[in-house]
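Each reported figure results from applying straightforward, stated rules to the coordinates on display, with no laboratory input. This is a predicted model, so every value here is computed, not measured. Glycine also receives a Cβ, built like all others from the backbone with ideal geometry; neighbour counts cover every protein chain displayed.
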Amino acid sequence: MKHDQWISQTIEFVRETLAGAEGGHDWFHIERVWKTTQTIAAQEPVDRTVAELAALLHDIADAKFHGGNDEVGPAKAGAFLASIDVPVHIAAQVVQIIRDISFKGGRHEVQHRTPELDVVQDADRLDAIGAIGIARAFSFGGYKQRALYDPSVPPDMHMDAATYRKSTAPTINHFYEKLLLLKDRMNTVSGRKMAEQRHRFMEQYLGQFYAEWEGQR
Ligand code: ADP
Ligand code: NI
């Protein structure tokens, strides 16, 4: 089957390209997003091939690591898909999803809302919350040498994109500034259900965190 062949060729390409990528965006992030995409796609009316290829290629060149240039990823993905003879009508949809998927280009700003974008974006957001999301946040915070928590620094709920990137706030603040907001930004019914469960887990985690902080448990 063409689908299986394209998927395994893409996996090979992504694994090679992301060898040595930092923890939050390594191959295992891609693999989780791909698996979650399959789980959600099984319950939504989508083209599985478009959704799975987009999941596998969505972080192929993060703009953060390319001087803010957000066309590198889509271009790289497009060139790769052409090289393995994926038809243009499929490749074009995949490239458009990669363009539209980032958090900052949230739902309201995207012009080309499609069911496949909805699914992959949900899968990517799900990887930022729950047990994995907590691990990724502290890993990112450690990489940036941020404090775990500082009760004297309140979360900033009204950051613009530039302030958000430059923020040096403790990692716990990131829960309020982003992670706890994600469940209300889910696109699909099944994605939202998964998000609600992961959300409750984060709330429980924060409750335990503050109790331990105060030496109460
Ligand atoms: P994504 O790849 O989901 O668009 P980012 O590149 O912004 O997200 O972040 C990658 C991972 O690092 C995510 O799990 C995210 O929650 C986490 N992260 C991003 N910014 C911060 C921060 N200021 N503090 C802690 N974790 C962060
Ligand atoms: Ni991602």
ALA135 and GLN5 label points (each 7 Å along its Cα→Cβ direction) are spaced in nm at 3.6
With an 8 Å cut-off on Cα pairs and a minimum separation of 6 or more residues, tell me the relative contact order of segment 98-217 in percent.
30
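If each residue of separation counts as 0.36 nm, what is the full-extension length gain between ASP184 and PHE209 once their alpha-carbon separation is subtracted?
Gain on stretching ASP184 to PHE209: 6.7 nm.
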For ALA128, what charge total do you get from the other residues with a beta carbon under 10 Å from its beta carbon, if Lys and Arg give +1 and Asp and Glu give -1?
+2
Neighbour net charge for GLY68 - beta-carbon separation under 11 angstrom, K R +1, D E -1:
-1
Dimensionless Rg/Rh of segment 33-159 - Kirkwood Rh, Rg from C-alpha atoms
1.02
Among ALA61, PHE80, GLY142 the positive-end extreme of the charge dipole of segment 56-167 (Cβ point charges)
GLY142
Where nothing but the Cβ of Lys and Arg (+1) and of Asp and Glu (-1) is charged, how large is the charge dipole of segment 1-87 around its Cα centre, in debye to the nearest 20?
100
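Kindly rank 122-132, 47-57 from highest to lowest mean number of other beta carbons found within 10 Å of each residue.
In descending order of packing, they fall as 47-57, 122-132.
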Compute the long axis of helix 72-83 from its Cα atoms, compare it with the longest principal axis of the Cα atoms of the chain, and write down the angle in degrees, 0 to 90, nearest 10.
30
Environment charge of THR168, counting only residues whose C-beta is closer than 13 Å and scoring Lys/Arg +1, Asp/Glu -1:
+1
Distance between the C-alpha centers of segment 157-217 and segment 26-83? Whole Å please.
24
Normalised by the number of residues in the chain, what is the relative contact order in percent for Cα pairs under 8 Å and 6+ residues apart?
19
Among GLN96, ILE40, VAL14, whose Cα projects farthest towards the positive end of the dipole of segment 6-110, with charges put on the beta-carbon of Lys, Arg (+1) and Asp, Glu (-1)?
ILE40
Can you tally the lysine pairs in the chain where the Cα-Cα distance is under 25 Å and the two residues are eight or more apart, or on different chains?
26
Of THR114, MET202, GLY130, farthest towards positive along the dipole that unit charges on Lys, Arg, Asp, Glu beta carbons give the chain
MET202
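Which of rounded, prolate, oblate describes segment 1-107, given a ≥ b ≥ c as roots of the alpha-carbon gyration tensor eigenvalues and a/c under 1.5 marking rounded, otherwise prolate only if a/b is larger than b/c?
Note, shape of segment 1-107 comes out rounded.
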Convex hull projection area averaged over all views, the chain, Cα basis, nm²
12.5
Could you work out how far helix 115-126 tilts from the main Cα principal axis of the chain, as a 0 to 90 degree angle to the nearest 10?
30
How are the alpha carbon pair distances in segment 155-217 distributed across 5 Å bins from zero to the largest one, expressed in percent?
4, 16, 20, 19, 18, 16, 6, 2, 0
